[in-house]
Amino acid sequence: MSVETPVFEELTVEVEPARGPMDWVRKNLFNTWYNAVLTLAIAAALMLALLALARWLVGADFEIIRVNLRLFMIGGFPADQLWRPWASTYLIATMVGVVAGSLAAGARDRASEAGVPLIGTTFGQIVLRFWPIIALVVIILAFTTTITPALLTIGAAVAGLGSYYLGRALPRTVRRWTWLIALILLVGAYLALAGFGGVGWESWGGLQLNLFLTVAGIMFAFPLGLLLAMGRRSSLPVIRTISVGYIEFVRGVPLITLLLAGAFALGFILPRDLRPGLVTRMLIAITLFEAAYIAEVVRGGFQAVPAGQVEAAQAVGLAPLKTMRLIVLPQALRATIPAMVGQFISLFKDTTLVAILGVSHMLKTTFIVNSQPDFLGKGLFVVTLGFAGLVFWVGSYTMSRESRRLERRLGVGER
């Protein structure tokens with residue numbers, strides 16, 4: 001009895017050679033004649049734009065920014081209390097560092113429990129991650145006339161970096177209270193500005209006022225919008241009707257209308273003793289406006305949660321509040337990160353609308369400084385508006401970039 005020897009066919013695997021940058025350019029930009037024409041035309045347009053920008057930067061007069069830099073940043077803050085913004089900056093840098101370090105430590109622990117190696121963040125990666133902010137700070141410091149702001153800025157960066165490593169070193173039991181530490185530091189930053197004989201927010205201006213309206217608007221509007229979104233899903237007709245009516249009414253009204261109503265209507269409705277200041281009334285209008293949009297964003301997140309998960313939670317006996325807190329909300333908020341950050345970016349830019357009420361925020365300052373006797377009639381609006389636009393672009397781009405990074409980390413859009 002003969003045994004046949006199996007015949008193995010030779011398997012050939014073609015390995016694609018590594019492609020360099022020129023191969024990528026040839027494949028993606030010059031693969032057809034019309035793509036080549038478009039590439040050359042766009043490259044020529046970009047080159048001309050860069051040459052025009054370089055020519056303008058060389059010949060532009062930036063003295064108006066150098067002289068009024070403090071007005072751009074903090075408005076008419078008293079000169080004898082300038083230590084307060086710096087103290088607030090140090091506390092905010094510490095808060096950001098502790099929160100970032102705590103989040104990084106949590107990611108490290110989860111990766112360790114899953115047996116997945118986690119590569120630490122290097123200094124170079126931090127620079128690449130926040131290069132727009134670093135570049136903006138360098139540009140702003142280039143306009144200062146003394147070395148003191150540069151030294152104080154370096155100190156704030158060191159405080160933030162040290163707090164980051166402190167947050168990474170915190171034990172897990174302490175990291176559970178990171179939100180409380182952040183809240184204490186945030187309140188401390190506000191008290192450093194306004195408390196103990198300081199300057200209240202009614203007298204703030206410049207970029208400081210834009211940032212305050214943005215952060216405070218988000219802090220107050222987010223919980224209100226969350227309640228409105230849950231109220232819209234309520235089984236009680238009264239609560240559902242009130243929530244739907246509020247959301248639809250506010251979303252149909254422009255923000256500038258609410259700002260004018262807050263500035264003038266509240267003055268007639270409330271008694272003089274209870275009448276809040278102008279900035280407070282603007283903050284109320286911004287909060288009410290943003291809450292309606294946040295409610296719609298969160299409602300979309302609720303609809304993205306599979307109904308089967310809610311039914312499973314009910315089957316195991318979870319109470320409705322626990323089902324919302326442990327099952328629905330985490331998934332809904334995770335799904336709404338892109339839309340939510342987009343709404344926050346829109347709020348940051350919409351804070352410029354308060355200029356119609358005469359408040360001297362950063363964009364308003366660009367017109368105020370051009371009316372000074374030393375710069376009147378020199379046509380420096382391009383310089384001042386360009387500087388303000390750069391600041392707003394850096395803030396918006398950084399929020400968008402961090403949003404994409406958070407989406408990748410949480411796997412938004414993945415199953």
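Coordinate-derived values only; no laboratory data. Not measured: the values here are computed from a predicted model. Cβ: placed from backbone, ideal geometry, glycine included. Neighbour counts: every protein chain shown.
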### Message
Test of understanding: what is the full-extension gain from R251 to L82, defined as 0.36 nm times their sequence separation minus their Cα-Cα distance?
### Response
56.9 nm
### Query
Of H361, V328, G252, which is farthest on the positive side of the dipole of segment 207-363, counting Cα position, with +1 on Lys and Arg Cβ, -1 on Asp and Glu Cβ, and the Cα centre as origin?
V328
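Fully extended, how many nm does the chain gain between A355 and V238 (0.36 nm per residue separation, minus their Cα-Cα distance)? Let's see the in-between values first.
Numbers: separation 117, 0.36 × 117 = 42.12 nm, distance 3.81 nm.
Between A355 and V238, full extension yields 38.3 nm more.
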### Task
Specify the inter-centroid distance of segment 269-320 and segment 38-77, based on alpha-carbon positions, in whole Å.
41
### Query
Once the chain is represented by equal point scatterers at the alpha-carbon sites, with solvent omitted, what log10 I(q)/I(0) does the Debye formula produce at q = 0.06, 0.10, 0.11 Å⁻¹?
-0.36, -0.93, -1.09
### Task
Using only Cα positions of segment 134-266, each an equal point scatterer, no hydration layer, compute I(q)/I(0) via Debye at q = 0.09, 0.14, 0.20 Å⁻¹ and quote the log10 values to two decimals.
-0.51, -1.02, -1.29
### Query
Using the per-residue mean of other Cβ atoms lying within 10 Å as a proxy for protection, in what order, highest first, do the peptides 259-268, 330-339, 289-298 fall?
289-298, 330-339, 259-268
### Summary
Across G20, G217, G300, the residue with the highest GNM fluctuation in the chain (Cα network, 10 Å cutoff) is G20
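Taking the Cα centre of the chain as origin, sum charge times position over the Cβ atoms of Lys and Arg (+1) and Asp and Glu (-1), and report the length of that vector in debye to the nearest 20.
Numbers: 34 positive and 22 negative charges, 188 e Å.
Value, rounded to 20: 900 debye.
Answer rounded, prolate or oblate for segment 207-363, using the Cα gyration tensor with square roots of eigenvalues a ≥ b ≥ c: rounded when a/c is under 1.5, else prolate when a/b is larger than b/c, else oblate.
Details: a/c = 2.78, a/b = 1.92, b/c = 1.45.
Because a/c hits 1.5 or more and a/b exceeds b/c, segment 207-363 counts as prolate.
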#### Entry: Inter-label distance for R409 and A169, nm, one decimal - labels placed 7 Å from Cα along Cα-to-Cβ
2.1
### Task
Report the label-to-label distance for A142 and A261 in nanometres (one decimal), using points 7 Å from each Cα along the Cα→Cβ vector.
4.6
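Name the shape class, rounded, prolate or oblate, that the alpha-carbon gyration tensor gives for segment 330-406, where a ≥ b ≥ c are the square roots of its eigenvalues, rounded holds for a/c under 1.5, and otherwise prolate holds if a/b is larger than b/c and oblate otherwise. Each step should come with its number before you reach the end.
Details: a/c = 5.74, a/b = 2.55, b/c = 2.25.
Note, shape of segment 330-406 comes out prolate.
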### Task
Mean Kyte-Doolittle of at least -1.0 plus a Cα span of 27 Å or more along the axis: flag which DSSP H helices in the chain meet both, please.
33-59, 83-114, 148-169, 206-232, 278-304, 381-410
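What does the C-alpha gyration tensor say about the overall shape of segment 41-193? Classify as rounded when a/c is under 1.5, otherwise prolate if a/b is larger than b/c, or oblate.
On the way: a/c = 3.24, a/b = 1.37, b/c = 2.36.
Judged from the Cα gyration tensor, segment 41-193 comes out oblate (a/c at least 1.5, b/c at or above a/b).
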### Summary
Projecting the Cα atoms of P276, T352, P306 onto the charge dipole of the chain, where Lys and Arg contribute +1 and Asp and Glu -1 at Cβ, the residue farthest towards the positive end is P276
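Once you charge only the Cβ atoms, +1 for Lys and Arg and -1 for Asp and Glu, what is the size of the charge dipole of segment 207-361 about its Cα centre, to the nearest 20 debye?
Working: 12 positive and 6 negative charges, 36 e Å.
For segment 207-361, the charge dipole is close to 180 debye.
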### Query
How would you order 231-240, 178-187, 44-53, 380-389 from highest to lowest mean count of nearby Cβ atoms within 10 Å?
380-389, 178-187, 231-240, 44-53
